[in-house]
Amino acid sequence: KDLAPHLPKMLWLYQMGLILFWIYDRSPQQRRTHALREKSLALLLSSLKLASFALLRPLRSKIIDLLLTAEGEATNV
């Protein structure tokens, strides 16, 4: 529940990162971008499944703090 309000922003940042990589990808038919998308999407889905475990609460807190820092809303900036 603590990560849920931040998921749209996280997914948007992921998408923007892929688009930036795609823009600079000079491999034939953007093969590197396709490979990055497939591998990173699998990692992202696995991470989201694991994020629900209580043991990962400290990691979730750090991720949320990182997002808030990037948005300029962190309390300790």
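Figures for the structure shown
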read-out	value
Every pair of residues 6+ apart whose Cβ atoms lie under 9 Å, when the first sits in segment 40-58 and is closer than 21 Å to Ile19 by Cα while the second is surrounded by 10 or more Cβ atoms within 10 Å (Cβ to Cβ) and among the small types (Gly, Ala, Ser)	Ser40/Gly17
Those residues of segment 9-28 which are outside any helix (DSSP H, G or I) and either open to solvent by less than 70 Å² (accessible area, probe 1.4 Å) or in contact (Cβ under 8 Å) with a residue 60 or more places away in the chain (or both), in sequence order	Asp25, Ser27
Criterion violated by Thr75 - all others in (1) open to solvent by 70 Å² or more (accessible area, probe 1.4 Å); (2) over 16 Å from the mean Cα position of the chain (by Cα); (3) at pLDDT 85 or above satisfied	(3)
Scan of segment 4-28 for residues that are among the charged types (D, E, K, R) and under 16 Å from Leu66 (Cβ atoms), ordered by number	Lys9
When residues of segment 43-71 are limited to those that are closer than 15 Å to Met10 by Cα and small (Gly, Ala, Ser), the one least open to solvent (accessible area, probe 1.4 Å)	Ala51
Verdict on Arg31 being at pLDDT 90 or above, open to solvent by 60 Å² or more (accessible area, probe 1.4 Å), farther than 23 Å from Ala70 by Cβ and assigned to a loop (DSSP other than H, G, I, E, B)	no
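The values are calculated or read from the model by the stated rules, or taken from the named source; none is laboratory data. Computed from a prediction, not measured in an experiment: that's the story for all the values here. Cβ: placed from backbone, ideal geometry, glycine included. Neighbour counts: every protein chain shown. Just the protein is used for accessible areas: all its heavy atoms, side chains included, with ligands, DNA and RNA removed. Shrake-Rupley method; radii C 1.70, N 1.55, O 1.52, S 1.80 Å.
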